[in-house]
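Visitor: Here you go, one structure.
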Amino acid sequence: MTLLWLRIAVLLYGIAALAVLPAALYNRPRWANLAVPSTIAAALFHFVSLIEMLYAAHHSLPVDTHEAQSFLSLLLAIAFLFIYGRYRAISLGIFLLPLCFLLGLLPAFRPGEEMAAFPHFNTGWIFLHVALLLAAYAALFLYILASILYLIQERRLKQKSPAISWLPSLETTDQIALKTLLFGLPCMTAGLLIGSLIAQLTIGAS
């Protein structure tokens, strides 16, 4: 059932990625009403799939590349939903939802072809290390994306060209970039510190 839930999630991500294009580019609310619920449903199926996958594998954290990909995809989907709920910036879905779809493809349809990405530890510290780093990657990706969109809009305004209507305003983009950076950097710092501590303890034990 794990693969079934994940495949349903990937299919819903694909539907959302297609629906978000007319919703954002042409301001069609009907398509937004398809894209957002599809993403919510996909995230729910994805969450159930990930929990079942980790439970069946008898560990509490991603230990191979496909599990890490799946976890990162879920984090990006949650980030999109949070940003949409807070700022109604559906245009970021043009970039995030296809990425969620692509990150979920291999775990859903080629699950047996992965290699270990993390040691097979089953401790809270390892789980925290991995979760913090993946959350940091998702947040910093959003920061880079929002910063690029901000620069594009600012450059057009300085050149007295019309702003791109489907992109968020400068104020909204600036807030997204700032808050994702403030979230991502502490996560990255804490994740790296915990990883360094685990490495030192592992070396000391050997």
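The values are calculated or read from the model by the stated rules, or taken from the named source; none is laboratory data. From a predicted model like this one, the values you see are computed outputs, not experimental measurements. Here Cβ is always computed from backbone atoms with ideal geometry, including for glycine, and neighbour counts include all displayed protein chains. Just so you know, the surface numbers come from the protein's heavy atoms only, side chains and all, with ligands and any DNA or RNA stripped out. Shrake-Rupley method; radii C 1.70, N 1.55, O 1.52, S 1.80 Å.
Visitor: Could you tell me whether any residue of region 129-140 is hydroxyl-bearing (S, T, Y), in a loop (DSSP other than H, G, I, E, B) and modelled with pLDDT of 60 or more?
Guide: Going residue by residue through region 129-140, those that are hydroxyl-bearing (S, T, Y) are 137.
Retained after the next criterion (residues that are in a loop (DSSP other than H, G, I, E, B)): none.
No, region 129-140 contains no residue that is hydroxyl-bearing (S, T, Y), in a loop (DSSP other than H, G, I, E, B) and modelled with pLDDT of 60 or more.
Visitor: Of a type outside the set (A, V, I, L, M), open to solvent by 20 Å² or more (accessible area, probe 1.4 Å) and either in contact with a Gly (Cβ under 9 Å, 6 or more places away or on another chain) or not in a helix (DSSP H, G or I) (or both): does that describe Y84?
Guide: Yes, satisfied.
Visitor: So, of the residues in region 6-19 that are in contact with a Ser or Thr (Cβ under 8 Å, 6 or more places away or on another chain) and touching a residue at least 40 places away in the same chain (Cβ under 8 Å), which turns out to be farthest from I40 (Cα to Cα)?
Guide: Of everything passing the filter in region 6-19, L6 is farthest from I40 (Cα to Cα).
Visitor: Any chance region 176-191 includes a residue that's within 27 Å of H46 (Cβ to Cβ) and modelled with pLDDT under 90?
Guide: Yes - at least one qualifying residue is present in region 176-191.
Visitor: Determine whether N33 is assigned to a loop (DSSP other than H, G, I, E, B) and either open to solvent by 10 Å² or more (accessible area, probe 1.4 Å) or small (G, A, S) (or both).
Guide: no
Visitor: Here is a follow-up. Checking the structure you have, find out if any residue of region 51-72 is open to solvent by 20 Å² or more (accessible area, probe 1.4 Å), assigned to a helix (DSSP H, G or I), more than 25 Å from H129 (Cβ to Cβ) and in contact (Cβ under 8 Å) with a residue 60 or more places away in the chain.
Guide: no
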